[in-house]
Structures are given as structure tokens and as C-alpha cells.
Amino acid sequence: MKENVILVDTNDEPLGLMEKIEAHEKALLHRAFSVFIFNDKGELMLQQRAAGKYHSPLLWTNTCCSHQRDGESNIAAGKRRLMEEMGFTAELKEVFSFIYKAPFDNGLTEHELDHVMVGFYNDAPVVNREEVEAYKWMSLENVKKDIEDKPELYTAWFKIIFEKSYEKIANYNLTK
């Protein structure tokens, strides 16, 4: 089944739908989301992308991310994908959004208006092996240091989100 993304302008106003791969080939701005799940210790659940992913395989990233479907709210999309990838659901709150552009070696480019959501969960996920190779919990300070020491182990968008919004994510996590 072909998956569409929602093309948007810089104000997140929908412009139409396009097949996901075509939007990434043409580097067109589209709506996306990133979910950050924390536990009661304040640790972030990271996922390692599955080896079979068409870009960024085996790299570490935020808990899950994807694209909203036509007519689907940001929160509903985040909950859907959290269940599809990590096997659980959680209450999510949208914290902020921003635009980024990240080209990949395979000729595709992520150009996304990314809605960042945060939630809380304390148990082990039941990961979908087609999507996720592994998971781990890390403190934000340890994630920050690991990205500085070994940036090649992390997805492009996660490094951008983390750099641009470390304070927002850290502050939100402390006020749950």
C-alpha cells in the first residue's frame, strides 16, 4: 500500500497529498511528528531503527516518528504510530513544532514541519521488529553527551531536534 504525506506551507496549512517516497525525492515540505516517551526516572526511550528501513537503518532516534494521515490529528497519529512501532500507547501532549531539512546519502531528503510530542510510560515496549531493532532508556544528559561523542549513531532529524529543542524537552520532562 502506498503511503501519502500531507504537503504543507510554512504555516502548516495543507497544500495537498503526495506519495511519501515522491515527497522525499523532491524534498517537498510535509507534515510529520516525533514522539518522545519518558519514564518516571526522567529517562528518554530511544529506538534503534530496524536494519530493513529504507533510510537511516540501525541508527538511534527518538521513541517513534512518522507522518500524519489525511484527516488525522497530530495526537491521534502519534498514538497510532507509537502502538505500531513500540506496542504501547500513552497520553501525548504536543510541545512545539519546527521545520527542518535533512538530505540522505540515498538521494532522499526529509523536509518536514515536525510536531514534537511528549508522553510518559514506565514498562518495556513490545517492539515491531519490522520497524525497531532495539530500544533503551537514557537520561537526556547522557543522550546529549553520546550525540556529541558519536553523532554517526543517531538519525539526522533526532540530532536536529535535540540541538534545537533540548531545553524545551528537558523542561517539559521536569514538569509532567
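The values are calculated or read from the model by the stated rules, or taken from the named source; none is laboratory data. Please read all numbers here as calculations on a predicted model, not as lab measurements. Note that we place each Cβ from the backbone using ideal geometry, even for glycine, and neighbour counts take in every protein chain shown. Heavy atoms of the whole protein, side chains included, go into the accessibility calculation; ligands, DNA and RNA do not. Shrake-Rupley method; radii C 1.70, N 1.55, O 1.52, S 1.80 Å.
Mind running the shape call on region 27-91? Use the C-alpha gyration tensor, a ≥ b ≥ c as the square roots of the eigenvalues: rounded below 1.5 for a/c, prolate if a/b tops b/c, oblate otherwise.
On the way: a/c = 1.85, a/b = 1.11, b/c = 1.67.
Oblate, because a/c is 1.5 or more while a/b does not exceed b/c.
Can you tell me how much longer the chain between residue 100 and residue 136 gets when fully stretched, taken as 0.36 nm per residue apart minus their C-alpha distance, in nm with one decimal?
Numbers: separation 36, 0.36 × 36 = 12.96 nm, distance 2.55 nm.
Using 0.36 nm per residue and subtracting the Cα-Cα distance, I get 10.4 nm.
Which residues' amide hydrogens lie under 5 Å from the amide hydrogen of residue 50, considering only partners 5 or more residues apart or on another chain, with H built in the peptide plane?
58, 132, 133
Specify the angular offset, from 0 to 90 degrees and rounded to the nearest 10, of the alpha carbon long axis of helix 156-174 from the longest principal axis of the alpha carbons in the chain.
Relative to the chain, helix 156-174 is tipped by roughly 50 degrees.
Among 95-107, 34-46, how do they line up from the highest to the lowest mean number of other beta-carbon atoms within 10 Å? Spell out each step's value before the answer.
Details: 95-107: 13.7, 34-46: 20.0.
My ranking of the peptides, most packed first, is 34-46, 95-107.
Name the residue from 98, 142, 48 whose Cα lies farthest towards the positive end of the charge dipole of region 20-176, charges +1 on Cβ of Lys and Arg and -1 on Cβ of Asp and Glu.
98
Among the listed pairs 20/145; 79/136; 20/41; 2/168; 79/164; 2/41, which are separated by more than 31 Å between their Cα atoms? Don't skip to the end; give the middle numbers.
Values: 20/145 33 Å; 79/136 19 Å; 20/41 36 Å; 2/168 35 Å; 79/164 24 Å; 2/41 39 Å.
Result: 20/145; 20/41; 2/168; 2/41 exceed 31 Å.
What GluC sites (Glu not before Pro) in region 83-176 are in a loop by DSSP, with at most 14 other Cβ atoms within 10 Å of the Cβ? Intermediate values should be presented prior to the final figure.
Numbers: sites: 84, 85, 91, 94, 110, 112, 130, 131, 133, 141, 148, 152, 163, 167; in loops: 91, 130, 131.
Filter output for region 83-176: 91, 130.
Please compute, for the alpha-carbon atoms of region 83-147, the extent along each of the three principal axes and give them in descending order in Å.
The Cα atoms of region 83-147 stretch 36, 28, 27 Å along their principal axes.
Rounded, prolate or oblate: which fits region 5-54, taking a ≥ b ≥ c as square roots of the Cα gyration tensor eigenvalues, rounded meaning a/c under 1.5, else prolate when a/b beats b/c?
Values: a/c = 4.29, a/b = 1.67, b/c = 2.56.
Since a/c reaches 1.5 but b/c is at least a/b, the shape of region 5-54 is classed as oblate.
Could you work out how far apart the two model spin labels at residue 150 and residue 41 are, taking each label as a point 7 Å from the Cα in the direction of the beta carbon, and quote it in nm?
Placing both labels 7 Å along Cα→Cβ, they lie 1.8 nm apart.
Tell me the mean residue ellipticity at 222 nm calculated for the chain from its helices only (DSSP H runs of n ≥ 4, each -39500 (n - 2.57), averaged over every residue, nearest 500). Mind dumping the intermediate values first?
Values: 4 runs with 49 residues, N = 176.
It lands at -8500 deg cm²/dmol.
What are the ³J(HN,Hα) values, in whole Hz, obtained from phi via the Karplus relation 6.51 cos²θ - 1.76 cosθ + 1.60 with θ = phi - 60°, for each residue of region 107-118 in sequence order, with x given for Gly and Pro?
x, 8, 9, 7, 10, 10, 9, 9, 9, 9, 10, 10
Could you point to the label whose value was computed as Rg and Dmax of the Cα atoms in Å for the structure here, given [x] 24.1, 79; [y] 15.1, 42; [z] 20.4, 69?
[y]
Pull out a ≥ b ≥ c, the square roots of the eigenvalues of the alpha-carbon gyration tensor of region 110-170, then state rounded if a/c is under 1.5, prolate if not and a/b is larger than b/c, and oblate in the remaining case.
Details: a/c = 1.31, a/b = 1.27, b/c = 1.03.
It is rounded, given that a/c, with a ≥ b ≥ c, falls under 1.5.
How large is ³J(HN,Hα), in whole Hz, for each residue of region 122-131 in order, when computed from phi with the Karplus curve 6.51 cos²θ - 1.76 cosθ + 1.60 and θ = phi - 60°, using x for Gly and Pro?
With the stated coefficients, region 122-131 comes to 10, 9, 6, x, 10, 6, 7, 5, 6, 10 Hz.
Could you give the accessible area per residue of the chain, probe 1.4 Å, as a whole number in Å²? Write out the running numbers ahead of the final one.
Numbers: 8600 Å² over 176 residues.
For the chain, the solvent-accessible area averages 49 Å² per residue.
Give the angle, between 0 and 90 degrees and rounded to the nearest 10, that separates the Cα long axis of helix 140-149 from the longest principal axis of the Cα atoms of the chain.
So the inclination is approximately 70 degrees.
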